[in-house]
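First comes the structure, then the notes that go with it.
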Amino acid sequence: MTVAIVLKNYENAIELLKKEQVKNRLFELRLDFDYKLLSLIENNQISPHQAILTIRSKSEGGKLDNDATRDKIINKALEMKVGYLDLELKSDYEVIKKIVEDINQLNSTNLIISQHNYIQSLLSGYSSFYTTFLNLNSLNTEINKRIILKYVGSPDDSYETLELMEMIPQHSKQILLGIGKRGDISRTLHSKLGQELVFGGLQDNDIIPYQVLDVLSQSNTLMLGLVGGNISHSLSPLIHNILMKTTKLSGYYHLLEANNSNRANNMVRKLINYDFTGFNITIPYKKSIIKILDQIDHVAENIQAVNTINIVNGKLFGFNTDITGFSRFLREHNLHKLEGALVLGAGGASRAICQSLIQEGVSVSIVTRSEKRFNEFPKDLRSQINLISKSDFSNKMRAELYINTTPLGLKGEDPRDFVELPINIQAVIDLLYHENENTFVQKIKNKGIEAYDGKEMLFNQAADSFQIWTNKMVKKKDLYNQFLKEIR
């Protein structure tokens, strides 16, 4: 399997060729972005057989808007005998048909027949594409030896990408690429699925860098991921990249979106077969994931919420590092010594927070809109918490620590509009986090009250998960400061 480097700019290409060992490399020259890239072949900076010449119209994710230029490039590619010519099935159908009918036109060039479809679902779009190819193939079956099929689409979630990848026979000269983070596994698993080619970008591109894909083609790389609902803006990949770099481990941390709990569970089961080491689990699957585990840690079992899965010999072991991460956060800031905590919300995050507070000896009260959700807490945990309805709440109750575990604030709301701060408040924690400090936390600090967002807890639980997967301990405080610098 080969990693081809996508080049869209001549100047960037020249800089790359100065430092990259190019002898056995493939380069996709996106002539629709910069026609000058063709001169790399003309000036013998790369050989013709190393080149994949590609042209895309604007509707296909490219910049070409001139059919005359398209015809010129196709003729030039065949004349130069480049390694691969990538043609779009829809735009270049007649050209492809002529080549299929007379494969001698190709000379030594291989043909990539592509379709970029960002409208249909991945599965239905691919099915239509493959049916059209079969009709072409019936004109001349000899063409199979010279053709690679490439389908690029927009998956509904990461599970759809995996589902289609597994439908395509291994080593079948077919390439599937899902765009965005939901499609990352179509690139990172390319070698394990036997895809002939995969395309990697430069560091400033919007696809996975080629250096990362080079590493993932080798064995002994960490395959990790976050499984959740709406996770496109998660900071977890950045944290785990820092942890891997610090411990000198190679790997990739995926964002694995799933549209429902069944798809989340099935995706985890399937990815066991692709040498994944472990997963983080986030909203809304921390409870539903438990049913597929082989064993669960007693701490996670007590609150019926798992945020970390470790895979050992194909078995799934569940843990909850939200608790350990938050407990360490409390101790490091001496918040465990405060008299009483008022917790907003009774969702999955609230369970871990309450358990952590109780373990640290802090009395806990919860205010929630949904008494039903609170009643879903495990009985032992529920019995140690004072439930307060919003109508019965008074800011005269004694609680020195105020913790928001709800989504209030994601759209600019202020949690105090839901529940006021107690009169003896000493510190505020908002589990929401942004790359910059969130507005609510800043407002509290401006009043002279100690306040924190959720970034430090996020980092702590990530480091604890990483230790479970790798047995590597890190200096968390130093790395947390590095993390803060990188997101500013």
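The values are calculated or read from the model by the stated rules, or taken from the named source; none is laboratory data. No experiment lies behind these values; they were computed from the predicted model shown. Glycine gets a Cβ as well: all are built from the backbone with ideal geometry, and neighbour counts include every protein chain shown.
Which residue is nearest to residue 116 (Cα to Cα), if the candidates are limited to region 10-58 and must be among the β-branched types (Val, Ile, Thr) and part of a strand (DSSP E or B)?
The selected residue is 54.
Take residues that are among the basic types (Lys, Arg) and in contact (Cβ under 8 Å) with a residue 40 or more places away in the chain and tell me which of the helices (runs of 4 or more DSSP H) falling wholly in region 176-282 contain 2 or more.
261-271
Within region 403-417, restricting attention to residues that are touching a residue at least 24 places away in the same chain (Cβ under 8 Å) and assigned to a loop (DSSP other than H, G, I, E, B), which residue is surrounded by the fewest Cβ atoms within 10 Å (Cβ to Cβ)?
412
Could you look through region 267-300, keep only residues that are basic (Lys, Arg) and surrounded by fewer than 18 Cβ atoms within 10 Å (Cβ to Cβ), and pick out the one that is modelled with the lowest pLDDT?
Looking at residues that are basic (Lys, Arg) and surrounded by fewer than 18 Cβ atoms within 10 Å (Cβ to Cβ), I get 287.
If residue 335 passes every condition in (1) out of contact with any helix residue (DSSP H, G or I) (no Cβ under 7 Å at 6 or more places or on another chain); (2) farther than 21 Å from residue 464 by Cα; (3) not basic (Lys, Arg) but one, which one does it miss?
Unmet condition: (2).
Can you find even one residue in region 248-263 that is over 17 Å from the mean Cα position of the chain (by Cα) and under 25 Å from residue 486 (Cα atoms)? Steps first, please.
Keep residues of region 248-263 that are over 17 Å from the mean Cα position of the chain (by Cα), which gives 248-249, 261-262.
Those still in the list that are under 25 Å from residue 486 (Cα atoms) too: 248-249.
Yes: one or more hits.
Out of region 63-78, which residues are at pLDDT 75 or above and in a loop (DSSP other than H, G, I, E, B)?
Answer for region 63-78, where residues must be at pLDDT 75 or above and in a loop (DSSP other than H, G, I, E, B): just 63.
Would you mention how many residues in region 95-144 are assigned to a helix (DSSP H, G or I) and either closer than 21 Å to residue 73 by Cα or under 35 Å from the mean Cα position of the chain (by Cα) (or both)?
25
Which number in (1) among the charged types (D, E, K, R); (2) surrounded by 14 or more Cβ atoms within 10 Å (Cβ to Cβ); (3) touching a residue at least 12 places away in the same chain (Cβ under 8 Å) marks the one condition that residue 72 misses?
Residue 72 satisfies all of (1) among the charged types (D, E, K, R); (2) surrounded by 14 or more Cβ atoms within 10 Å (Cβ to Cβ); (3) touching a residue at least 12 places away in the same chain (Cβ under 8 Å) except (3).
Has region 308-327 got at least one residue that is within 30 Å of residue 253 (Cβ to Cβ), assigned to a loop (DSSP other than H, G, I, E, B), of a type outside the set (Gly, Ala, Ser) and under 31 Å from the mean Cα position of the chain (by Cα)? If you could, list the steps in order and put the result at the bottom.
Residues of region 308-327 that are within 30 Å of residue 253 (Cβ to Cβ), as a first pass: 308-327.
Pick out the ones that are also assigned to a loop (DSSP other than H, G, I, E, B) and you get 313-314, 320.
Keeping just the survivors that are of a type outside the set (Gly, Ala, Ser) gives 313, 320.
Still in the list and also under 31 Å from the mean Cα position of the chain (by Cα): 313, 320.
Yes: region 308-327 contains one or more residues that are within 30 Å of residue 253 (Cβ to Cβ), assigned to a loop (DSSP other than H, G, I, E, B), of a type outside the set (Gly, Ala, Ser) and under 31 Å from the mean Cα position of the chain (by Cα).
Looking only at residues in region 348-388 that are among the charged types (D, E, K, R) and in a loop (DSSP other than H, G, I, E, B), which one is nearest to residue 429 (Cα to Cα)?
Here the answer is 360.
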